[in-house]
Structures are given as C-alpha cells and as structure tokens.
Amino acid sequence: MPERRSPQITSRKKPKQTRSTDLVAAILEAAVQVLAKEGAQRFTTTRVAEKAGVSVGSVYQYFPNKAAILFRLQSDEWRQTTDLLRAILEDRRKPPLDRLRELVHAFIQSECDEAGMRVALNDAAPLYRDAPEAREAKAAGDHAMQDFMREVLPDAPAITCALAGGLITATLGAVGKQFSETPRAAAEINAYADAMADMFCAYLQRLAQG
C-alpha cells in the first residue's frame, strides 16, 4: 500500500516587502475570523480570500492550501504562548516559585481567552499534527521549563528535573484545556490558577527537600 502523503503545511514564500507583509497579515486576520465563524470543517481558502478582500490566487502565493493557513495560525499561537512563558520563567529578578505562580496564572488566563480559537484549531489538527514542523513547534517550550527545573532543583538528579518539568507541563496543558472549555468569570479563573500554583509549588518544595 503506498504511503499517504501529508498536505504541504509550510508557506510557499515569505513576504519581503511591506506590501507583501501587510497582505499576509490581512490573510491571517481573515483566517482567524473565518475559523471562528465557520469552524474547521467549513474553513476554505475561498472564504479566507473573500473575507480578506483579495483573490484566491493572492492567498496561494503564500499558502499552498488551507492546511498551511491553519498550521500558521496554530504555530503562531504556540510561539506566542511559548515566548510568554519563557519570559516569565527566565525573569530572575523574582523568586522561582513566584515565577511559577505567575506562569500558571498567565497560562490559565490565555487558555480561557483563546478557548474558542483553540477548539477550532484542534478540530483541524489532523491536517498537520504528524508533520515535523508541528512536533518542533510544540516542543519549543521544553528547554525553558527544564532550565527552570534545574534552577529550582539544583541538587536533584536530571531524571527528577525532567519528570517534574514534564509533569507540570502536561498537567497545565490537560487541566487548562478542560477548565477553559466552560466560560469562566475572572474570579473563578484566579482561584483556579491559585490552587494549581499551590499544588505545583508544594510539589517542588518537597522535591527540593529531598
């Protein structure tokens, strides 16, 4: 049986001039609106072009298919979240556990703010979830978390740091997703994030004590 080919998900070319950059930005903004309104199943390049006020040919100059557009939206979201969390973890002006608490609050708030878009992107995930680009993008934040674990647990074995970092990351992702699937008030988000942060901090303090 011949191997099934995955759709191309990388952009055809990168914009170099201001006009091209503006066009790509307009396409992506239109894609966000179409995805939010129509969902992944009815998301098409034609609808994106119509919303952006450009020709389908203009869209195809930069994105070969709808999978490429959706992957760009997803990878941009991954990058923004990773940059935010890395900035928090690497801010050594604050005590490590204060940074962890700030990270939990920022992540849970982000999950709730972007719940609708994330659900739509998850519906589209079969188009690109097995691509090397997807695996690389999703793994980008692991290094910052492991550096943070080595800072918090300087005397712990590497395997312990890896376990702690992986457990916190996986728990944040899974629980944050489940929590954000229901609309939440600000006070509820804050209380939930505080409880998660308390749990993580207690866990790391116990590990630090050996």
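The values are calculated or read from the model by the stated rules, or taken from the named source; none is laboratory data. Keep in mind that what you see is a predicted model, and the values were worked out from it rather than measured. Here the Cβ positions follow ideal geometry from the backbone for every residue, glycine too, while neighbour counts run over all protein chains shown. All accessible areas refer to the heavy atoms of the entire protein, side chains included, with ligands and DNA or RNA removed. Shrake-Rupley method; radii C 1.70, N 1.55, O 1.52, S 1.80 Å.
Whole number in Å², please: accessible area per residue of segment 18-62, 1.4 Å probe, ligands, DNA and RNA not counted.
Per-residue accessible area for segment 18-62 comes out at 54 Å².
Which length gain, in nm to one decimal place, applies between Arg19 and Ala162 when the Cα-Cα distance is subtracted from 0.36 nm times their residue separation? If you can, show how the numbers build up before the last one.
Details: separation 143, 0.36 × 143 = 51.48 nm, distance 4.50 nm.
Extending this stretch completely gives an extra 47.0 nm.
So, R0 is 35 Å and r is the distance between the beta-carbons of Glu90 and Glu29; what FRET efficiency does that work out to, to 0.05?
E between Glu90 and Glu29, to the nearest 0.05, is 0.70.
Please compute the per residue accessible area over segment 80-125 with all protein chains in place, 1.4 Å probe, rounded to a whole number of Å².
Dividing the accessible area of segment 80-125 by its residue count gives 50 Å².
May I ask you to order 22-29, 104-111 by the average number of other C-beta atoms within 10 Å around their residues, highest value first? Walk me through the intermediate numbers first.
On the way: 22-29: 16.4, 104-111: 20.1.
In decreasing order of mean packing, 22-29, 104-111 become 104-111, 22-29.
Using the basic label-point model (7 angstrom from Cα toward the beta carbon), what is the Asp155 to Asp198 distance in nanometres?
2.8
Which order do the peptides 184-195, 78-89 come out in when sorted by mean C-beta neighbours inside 10 angstrom, highest first?
78-89, 184-195
Multiply the residue gap between Tyr60 and Asp76 by 0.36 nm, knock off their C-alpha separation, and tell me the result in nm, one decimal place.
Difference between extended and current length: 3.9 nm.
Taking just the alpha-carbon atoms of segment 71-209, what radius of gyration and Dmax come out, in angstrom?
So, for segment 71-209, Rg and Dmax equal 15.3, 45 Å respectively.
Quick check: with the 1.4 Å probe, what order do Met145, Met117, Met199 take by accessible area, largest first?
Result of the area sort, largest leading: Met199, Met117, Met145.
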